[in-house]
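What follows is one structure encoded as structure tokens, with my remarks underneath.
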Amino acid sequence: VDWNVLLDITTKDGRGGPNHAGNFCFSHVHVDENGELVVHDSFHAFGQVSKFFPRGSVVVESHVSANSGGAAAISEVESLAAIRPDGSFAVLLLNHGKAKRVFLTLNEAEAGALLDLESHSIATIELPHSTFQI
């Protein structure tokens, strides 16, 4: 959970803060020296996670590989999968590298999905509850 939503970076050294512990922090939104809001990309990423993984979601195992055989894990692509309170699934994929074609499996299921990911992107997939038996 991220607790810094807005920081004033107009402090004498421009770092925002210090916080209650004397540390200088990052935030998704800053107020710059002109009083303007500066919204960072992390704000949108945090919002995507909040939107698709509501309270009560249960994380399940997910695996991203180069092919349907499950071998050759792709280190540049991270995944987070969960069963949501309504029984549907959400899968978030974070691609740190170049555009990739990846194979996603959930909870060691025999079936999966072949997906194309843009370079340096975040993608979320929603699946109805009947798609996988977990």
Sole residue being modelled with pLDDT under 75, of a type in the set (S, T, N, Q) and touching a Ser or Thr at 6+ places or on another chain (Cβ under 7 Å), chosen from 4, 23, 19: 4
Segment 38-56 - residue that is under 21 Å from residue 115 (Cα atoms) and not in a loop (DSSP other than H, G, I, E, B) and, of those, modelled with the highest pLDDT: 52
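Determine which member of the set 102, 31 is surrounded by 13 or more Cβ atoms within 10 Å (Cβ to Cβ), at pLDDT 70 or above, assigned by the TED database to the domain that holds residue 126 and over 20 Å from residue 128 (Cβ atoms).
The conditions single out 102.
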Sole residue being at pLDDT 85 or above and open to solvent by 40 Å² or more (accessible area, probe 1.4 Å), chosen from 91, 59: 59
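The values are calculated or read from the model by the stated rules, or taken from the named source; none is laboratory data. These numbers come from a predicted model, not from an experiment. Here the Cβ is made from the backbone with ideal geometry for all residues, glycine too, and neighbour counts use every protein chain on show. These accessible areas exclude ligands, DNA and RNA; they are computed on the full protein's heavy atoms, side chains included. Shrake-Rupley method; radii C 1.70, N 1.55, O 1.52, S 1.80 Å.
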